[in-house]
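J.: Take a look at the following structure, please.
The values are calculated or read from the model by the stated rules, or taken from the named source; none is laboratory data. Bear in mind that the values here come from a model prediction, so they are computed numbers and not experimental data. Neighbour counts are summed over all protein chains in view; Cβ atoms, including those assigned to glycine, are modelled from backbone coordinates with ideal geometry. Ligands, DNA and RNA are stripped out before the accessible areas are found, and what is left, the full protein with its side chains, is counted by its heavy atoms. Shrake-Rupley method; radii C 1.70, N 1.55, O 1.52, S 1.80 Å.
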Amino acid sequence: YNLSDSALDTALNRDLPNLTSLNLSLCKDVTDNSLGRIATHCKNLENLDLGGCTKITNTGLLLISWGLKRIKRLNLRSCWQISDHGIGHLAGVNGQPAAAAAAGGGGARLLEDLCLQDCQKVTDEALKHIADGLTAIRRINLSFCLSVTDTGLKSLSRVKSLRDLNLRSCDNVSDIGIGFLSSAGGVGSSSSGGGGGGSPLLDRLDVSFCDRVTDSSMAHIGSGMTGLSSLSLSACQITDCGVVRISRDLPNLVVLNIGQCGKVTDDAMKTIAANMKALRSIDLYGCTKVTAAGIQALDKLDHLKIVNRGLWHQF
């Protein structure tokens with residue numbers, strides 16, 4: 001935690017071709033100067049964790065995009081100075097100098113996993129950059145990004161490679177955005193061939209604590225995201241009707257988190273037991289209308305191993 005630029009200057013004073021993973025999380029004194037060293041001497045880096053490095057700016061992302069062409073996983077959690085412009089650098093869509101273009105252009109084109117949790121300056125514009133430039137992206141964590149709205153999800157609906165999307169506590173995401181994600185040709189479309197574009201399915205979706213997500217979203221998910229294996233809806237405004245819809249339309253669901261959904265009752269449990277035969281884990285913490293009878297109904301699920309009703313739950 002006490003690493004500084006001067007310490008990294010000493011460690012990174014020569015090329016390190018065998019270094020593929022570097023964790024600098026919570027090194028709060030590390031700045032863009034260190035990223036310049038890393039981009040120069042660690043060309044084969046695939047995994048870089050900068051979570052909590054609050055002095056990193058958009059300039060650092062420019063250095064990453066130019067120097068780390070093999071980067072696949074990048075954690076920028078709580079890098080509060082990062083904004084849409086920096087994500088544009090990562091995506092290679094900000095307009096690069098001629099020398100960079102001649103060398104293949106900027107952008108982390110192989111990036112698969114991007115964590116932007118709690119990056120408060122990130123908005124819908126960043127998601128447009130991602131959709132335009134990061135064509136290999138598979139996992140995006142946008143939890144607590146309060147400026148992300150339904151418009152940004154419309155951009156993400158164009159990302160055919162996306163498998164795992166975390167929108168936890170994105171207060172401005174609503175049923176409209178979930179509709180964009182599940183529409184034909186988007187990341188949640190199950191169509192193959194024809195007009196739908198054959199986009200693959202999302203495998204994991206987390207919209208917990210998005211209080212504008214309601215039963216209408218369950219209809220969207222049920223019709224357009226039928227390949228989901230994990231769905232987190234904790235504290236969303238859903239009722240038995242919504243749960244019934246997804247229980248019938250998501251036969252492959254393995255993990256369902258509906259904790260703190262206070263309108264869900266035993267009727268939903270009975271429908272889950274009748275339809276979700278692959279379910280292995282369900283979170284019901286704070287579901288005050290689910291009684292012992294509802295829990296007993298879940299006993300019919302042969303593969304169900306975890307029924308959580310307590311505060312602490314490992315998702």
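J.: What number comes out for accessible area per residue over region 1-140 if the probe is 1.4 Å? Units Å², please. Walk me through the intermediate numbers first.
T.: Numbers: 6080 Å² over 140 residues.
About 43 Å² of surface per residue is accessible.
J.: Suppose the chain between LEU22 and TYR1 were pulled fully straight at 0.36 nm per residue; how much longer would it get relative to their current alpha carbon spacing? Display every interim value, and only then the final one.
T.: On the way: separation 21, 0.36 × 21 = 7.56 nm, distance 1.36 nm.
This chain segment gains 6.2 nm when fully extended.
J.: Among rounded, prolate and oblate, which fits region 11-76 when a ≥ b ≥ c are the square roots of the eigenvalues of its C-alpha gyration tensor, a/c under 1.5 means rounded, and a/b larger than b/c means prolate?
T.: Details: a/c = 1.44, a/b = 1.39, b/c = 1.03.
It is rounded, given that a/c, with a ≥ b ≥ c, falls under 1.5.
J.: Starting from the Cα gyration tensor of region 213-303, take the square roots of the eigenvalues, sort them a ≥ b ≥ c, and report rounded, prolate or oblate (rounded when a/c is under 1.5, otherwise prolate if a/b is larger than b/c, else oblate).
T.: Values: a/c = 1.64, a/b = 1.10, b/c = 1.48.
Oblate, because a/c is 1.5 or more while a/b does not exceed b/c.
J.: Sort PHE180, PHE144 by heavy-atom solvent-accessible area, probe 1.4 angstrom, most to least.
T.: Working: PHE180 60, PHE144 85 Å².
Putting PHE180, PHE144 in descending order of accessible area: PHE144, PHE180.
J.: Which entries in the list LYS72/LYS270; LYS28/LYS154; LYS121/LYS277; LYS69/LYS128; LYS28/LYS128 go over 32 Å, if you measure between the two C-alpha atoms of each? All intermediate terms of the calculation are to be shown ahead of the outcome.
T.: Numbers: LYS72/LYS270 42 Å; LYS28/LYS154 34 Å; LYS121/LYS277 42 Å; LYS69/LYS128 21 Å; LYS28/LYS128 29 Å.
Over 32 Å Cα-Cα: LYS72/LYS270; LYS28/LYS154; LYS121/LYS277.
J.: Take ARG280 and CYS241, extend 7 Å from each Cα along the Cα→Cβ direction, and tell me the distance between the two endpoints in nm.
T.: Distance between label points: 3.4 nm.
J.: Give, in whole angstrom and from largest to smallest, the semi-axes √(5λ) of the equivalent ellipsoid of region 1-41, with λ running over the eigenvalues of the Cα gyration tensor. Before the final figure, lay out the partial values.
T.: On the way: eigenvalues 55, 26, 15 Å².
Semi-axis lengths for region 1-41 are 17, 11, 9 Å.
J.: Full-extension gain between LYS289 and ASP164, please, as 0.36 nm times their residue separation minus the C-alpha to C-alpha distance. Please list the in-between numbers first.
T.: Working: separation 125, 0.36 × 125 = 45.00 nm, distance 3.04 nm.
Full extension of this stretch gives 42.0 nm more.
J.: Calculated FRET efficiency, ILE306 and ASP211, Cβ-Cβ r, R0 25 Å, to nearest 0.05?
T.: On the way: r = 25 Å, r/R0 = 1.01.
Efficiency for this residue pair is about 0.50.
J.: Another question, then. Rounded to the nearest 0.05, what FRET efficiency is calculated for ASN252 and ASN47 with R0 set to 25 Å and r the Cβ-Cβ distance? Write out the running numbers ahead of the final one.
T.: Details: r = 29 Å, r/R0 = 1.16.
The pair ASN252/ASN47 has a calculated efficiency of 0.30.
J.: Here is a further query. How large is the Rg to Rh ratio of region 260-315 when both quantities use alpha carbon positions and Rh follows Kirkwood? Could you put the intermediate results ahead of the total?
T.: Details: Rg = 10.5 Å, Rh = 11.3 Å.
Here Rg/Rh amounts to 0.93.
J.: Let me ask something else. Using the Kirkwood formula on the Cα atoms of region 15-174, what hydrodynamic radius do you get, in angstrom to one decimal? List each step's numbers first, then the result.
T.: On the way: mean 1/r = 0.0651 Å⁻¹.
Result for region 15-174, one decimal place: 15.4 Å.
J.: Let me ask another. Over the alpha carbons of the chain, what is the largest minus smallest coordinate on each principal axis, giving the biggest first in Å?
T.: The Cα atoms of the chain stretch 65, 48, 32 Å along their principal axes.
J.: Which percent of the accessible area of the chain is formed by carbon and sulfur heavy atoms (probe 1.4 angstrom)?
T.: Numbers: 6670 of 13280 Å².
Result for the chain: 50 percent of the exposed heavy-atom area is carbon or sulfur.
J.: Taking R0 as 22 Å, what's the FRET efficiency between THR40 and ARG204 from their Cβ-Cβ distance, rounded to 0.05? Spell out each step's value before the answer.
T.: Values: r = 36 Å, r/R0 = 1.62.
Efficiency for this residue pair is about 0.05.
J.: I would also like to ask the following. Provide GLU46, GLU125 ordered by accessible surface of protein heavy atoms (probe 1.4 Å), highest first.
T.: Numbers: GLU46 60, GLU125 85 Å².
Of GLU46, GLU125, the descending order of accessible area is GLU125, GLU46.
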